[in-house]
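Novice: Please find one structure pasted underneath; my questions will follow.
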Amino acid sequence: PLKLKFETLSQSIQASHQHIAELQIELMNIKCEITEVKAILKENQKQAKLDFMISCAELGSFKYYDHGYDYDSTDLVRHILKWFVKGFGYTLSNKACADAIYSEESNNEFREKLLDQLEQVIGHKPCLVQSG
């Protein structure tokens, strides 16, 4: 009878160890799923933020000129925002300006207006860096 109780207890312990191992595997799977859900939520937040900013892109819009053609700044701001959300910067045309005839002063005015518009849309003035 004592040997039978010992074997039963031993089998019960082995079954418990097996159950614990199964629970550990299940817990690891749950952790992986949580990590995947977090990544999806982060991507959805990025997209929602981008969608909101794009919907506000016309705030402070202005007319500008580039290589002799006139444009509305809204499309440029939308394009820049897409790059910002991806974590990149954007290279501006050196010929873009606020007036139909290019001048350095007009180019600087264009850049200031663009920075002001971006500030209205994203809530802070982005950094403008000279490339090259």
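Novice: In debye to the nearest 20, how big a dipole does the chain give about its Cα centre with +1 on each Lys and Arg Cβ and -1 on each Asp and Glu Cβ?
Specialist: Using Cβ point charges on Lys, Arg, Asp and Glu, the chain gives about 800 debye.
Novice: Which lysines does LYS113 reach when only Cα atoms under 29 Å apart count, and residues fewer than 8 places away in its own chain are ignored?
Specialist: Partners within reach: LYS46, LYS49, LYS63, LYS82, LYS86, LYS95, LYS125.
Novice: I would also like to ask the following. What residue among ILE20, ILE30, ILE40 has the largest mean-square fluctuation in a Gaussian network model of the chain, using Cα springs under 10 Å?
Specialist: Highest fluctuation of the listed residues: ILE20.
Novice: Sticking with this structure for a sec: Given a 1.4 Å probe and every protein chain left where it sits, what share in percent of the accessible area of the chain is carbon and sulfur?
Specialist: Of all accessible area on the chain, carbon and sulfur atoms account for 58 percent.
Novice: What 222 nm value per residue comes from the helices of the chain, counting each DSSP H run with n ≥ 4 as -39,500 (n - 2.57) and dividing by all residues, nearest 500 deg cm²/dmol?
Specialist: So the calculated ellipticity at 222 nm is -23500 deg cm²/dmol.
Novice: Among ASN107, LEU59, PHE6, which residue has its Cα furthest toward the positive end of the charge dipole of the chain, with +1 on Lys/Arg Cβ and -1 on Asp/Glu Cβ?
Specialist: After comparing all options, I get PHE6.
Novice: May I pose another question? If you take the beta carbon distance between GLN130 and SER103 as r and set R0 to 22 Å, what does 1/(1 + (r/R0)^6) give as a FRET efficiency, to the nearest 0.05? List each step's numbers first, then the result.
Specialist: Numbers: r = 18 Å, r/R0 = 0.82.
So the FRET efficiency works out to roughly 0.75.
Novice: On to the next question. Between ASP66 and ASP116, what FRET efficiency comes out of the Förster formula 1/(1 + (r/R0)^6) with R0 = 25 Å and r the beta carbon distance, rounded to 0.05?
Specialist: After rounding to 0.05, the efficiency reads 0.90.
Novice: Another one. In square angstrom, what is the accessible area per residue of the chain with a 1.4 angstrom probe?
Specialist: Roughly 77 Å² per residue, with all protein chains present.
Novice: What is the angle, in °, between the Cα long axis of helix 2-55 and the longest principal axis of the Cα atoms in the chain? Nearest 10 is fine, range 0 to 90.
Specialist: The answer is roughly 10 degrees.
Novice: Rounded, prolate or oblate, given the Cα gyration tensor of segment 82-123, with a/c below 1.5 counting as rounded?
Specialist: Here segment 82-123 falls in the oblate category.
Novice: Quick one: length gained pulling GLU58 to TYR90 fully straight, 0.36 nm per residue minus the C-alpha distance?
Specialist: Working: separation 32, 0.36 × 32 = 11.52 nm, distance 1.83 nm.
Extra length available between GLU58 and TYR90 comes to 9.7 nm.
Novice: Report, to the nearest 10°, how far helix 73-85 tilts away from the longest principal axis of the Cα atoms in the chain, using its own Cα long axis and a range of 0 to 90°.
Specialist: The angle comes out near 30 degrees.
The values are calculated or read from the model by the stated rules, or taken from the named source; none is laboratory data. This is a predicted model, so every value here is computed, not measured. All Cβ positions, even for glycine, are placed from backbone atoms using ideal geometry, and neighbour counts span all protein chains on display. For accessibility, only protein heavy atoms count, side chains too; no ligands or nucleic acids. Shrake-Rupley method; radii C 1.70, N 1.55, O 1.52, S 1.80 Å.
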